[in-house]
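The values are calculated or read from the model by the stated rules, or taken from the named source; none is laboratory data. Being a predicted model, the structure only gives us computed values, none of them experimental. Backbone-built Cβ (ideal geometry, glycine too); neighbour counts: all protein chains shown. The protein model used for the area step is the full one, side chains on, heavy atoms only, and it has no ligands, DNA or RNA in it. Shrake-Rupley method; radii C 1.70, N 1.55, O 1.52, S 1.80 Å.
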Amino acid sequence: MDKLVIQGGVALRGEVEAGTAKNSVLPILAATLLTREPCRIRDAPALRDVATMLRILEALGVRCERHADGTIETRVEDEGSVEAPYELVKTMRASVCVLGPLLARRRRARVSFPGGCVFGPRPIDLHLKGLRALGVDLDIEAGYIVARAERLRGAEMYLGGSFGPTVTGTANVLMASVLAEGVTRIEMAACEPEVQDLANFLNAMGADVRGIGTPILEIHGVGELHGAEYRPVPDRIEVGTFLAAAAITGGGVKVTRCRPDHLGAVVERLTALGCRVESGDDWISCARRGRLEAGDITTLPYPGFPTDLQAQFMAVVSLADGVSVVTEKVYPERFMHVAELGRMRARIRKEHHMAIVLGTDYLSGAPVLASDLRASAALVLAGLVAEGETQVRRVYHIDRGYERIETKLQALGARIERVRDEDGL
Ligand code: EPZ
């Protein structure tokens, strides 16, 4: 296993290119199950989660080829298999996204029930509710969702839960409904750019999805879909992480090949924390001089502040002048990073779904353990500015969602290296 070793104290400066959004690519790859024609997904990131999705597709009879330029070509060769096995699903919850397209095309699915994760329970009741509304018969057997549908019929449904809409739930129902008879109307659909991207890809395949980007999606079922070539959107969470790196180190970073229009809430917060943010059509930059100001962070579904940047921004405000309150309204238990940041001298108290962060003068480098993808990113950010050496262990978490993070940070001046972790942690 690898660890990242960081010598803190360098203000990051320079330009970095954003990668393609993992959370767009995963459901889009699942959507290629909806046609027997070839599909081409361009600029797919070389991430562990993407590799896992390709293995699941291969288990489902799809031939997948990955080219050196990042293009992934898929072609369904055998529609006989309908099972997404536990061994793969347990490593990546987004695997559940094959449920919708399998039902749409093959009328049957056996998908391992995804478990909880380190940041709390992650139910899929809303996915199942939406699919049932379309006429799917569902049961849980031996840890698997066993689903069957003689035919899928368009329906009206409300897909909001206690914590708002569901991203992959909307994706699943959307993919099940594109080939259903009649019209489906999803109220309280997730509006995330990655859901919009999936809907645009489906339309490129010949689907008729309307209301994209709004909480009400209307899907007019079509007879069949064809192959398509598509370039998914840039990764707004990766971009936000680099902007946070500029903010926390007091440097200046420009991220190119990105979509600043997906980052409204993030820009608003960076500005409130005392950073200067500028942007053009496809670039955005963040610079900070002087002390960071304290500011509250409240996560919300899009276009609110993303939960996937909560940990990184908690690291940033841990060095701000004053008290900041971080409120998690999407995943109330997503605070695994609090204790590890504490080992680096951050002063954070967790209270239910909130964390109260008392800004400190400096962080102190320490060995820390990455608990999940975004928590690891927060620890790397803290390490970049901490005094002395930080070792972030269990970096396989970070490899699920950030492509070559250390190479990109090195190009901005960071002293960060990936080394083998002899302790095997
Ligand atoms: C997606 O997860 C992302 N994953 C997550 O990214 C992200 O944190 C999350 O959306 C929120 O933005 C992918 O896109 C692959 P949800 P998802 O269903 O779809 C509750 C990352 O770091 N809920 O939108 O699983 C749920 O418990 C990751 O890249 C139900 O109650 O999240 C949560 O409180 C991790 N019932 C809220 O809704 C359901 O059936 C939002 O979850 C489904 C969800």
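Observations, loosely collected:
- Shape call, segment 1-133: gyration tensor on alpha carbons, a/c limit 1.5: oblate
- Options 54, 120, 160, ranked by Cα towards positive dipole end of segment 22-230, top entry (Cβ charges): 120
- Cα centre as origin, Lys/Arg/Asp/Glu Cβ charges: the chain dipole, Debye: 420 debye
- Expressed in units of 2.2 N^0.38 Å, where N is the residue count, the Cα radius of gyration of the chain is 0.97.
- Whole-percent pair-distance distribution, where bins are 10 Å wide, for the alpha carbons of segment 105-210: 14, 45, 35, 6
- Relative contact order %, segment 241-325, counting alpha carbon pairs below 8 Å whose residues are six or more apart: 31 percent
- Mean projected area of the Cα convex hull of segment 343-425, taken over all directions, amounts to 6.2 nm².
- The residue list 64, 201, 237 was ranked by how far each Cα lies along the charge dipole of the chain toward its positive end, using unit charges on Cβ atoms, and 237 comes out on top.
- Coil-residue GluC sites (Glu not before Pro) of segment 110-172, DSSP, other Cβ within 10 Å capped at 13: 150
- Projecting the Cα positions of 182, 26, 88 onto the charge dipole of segment 22-230 (unit charges on Cβ atoms of Lys, Arg, Asp and Glu, taken about the Cα centre) puts 88 furthest along the positive direction.
- As a rough guide to protection, the peptides 210-217, 64-71 ranked by mean Cβ packing within 10 Å, highest first, stand as 210-217, 64-71.
- Point-charge dipole on Cβ atoms (K/R +1, D/E -1) for segment 109-171, about Cα centre, debye to 20: 100 debye
- Percent accessible area from carbon and sulfur atoms, segment 22-230, protein chains only, probe 1.4 Å: 47 percent
- Segment 317-425: antiparallel DSSP beta bridges as a percent of all, rounded to 5: 70 percent
- Charge dipole of segment 22-230 (Cα centre as origin; +1 on each Lys and Arg Cβ, -1 on each Asp and Glu Cβ, all else neutral): 300 debye, rounded to the nearest 20.
- A Stokes-Einstein calculation at 4 °C with viscosity 1.567 mPa s, built on the Kirkwood radius of segment 378-425 over Cα pairs, returns a diffusion coefficient of 112 µm²/s.
- Straight Cα distances below 30 angstrom link residue 329 to the lysines 22, 90, 129, 254, 350, with same-chain residues fewer than 8 positions distant left out.
- Under 15 Å from residue 408, Cα to Cα: aspartates and glutamates that are on another chain or at least 8 residues apart: 15, 17, 235, 238, 399, 417
- On a per residue basis, segment 254-341 carries 39 Å² of accessible surface, using protein heavy atoms and a 1.4 Å probe.
- Derived value for segment 22-230: Kirkwood hydrodynamic radius 16.6 Å. Basis is the mean of 1/r over every pair of different alpha-carbon atoms.
- Volume per residue that the Cα convex hull of segment 228-284 spans, once the total is divided by residue count, Å³: 75 Å³
- With bins 5 Å wide beginning at 0, the percent of Cα pairs of segment 250-317 falling in each bin runs 4, 17, 27, 27, 20, 6, 0.
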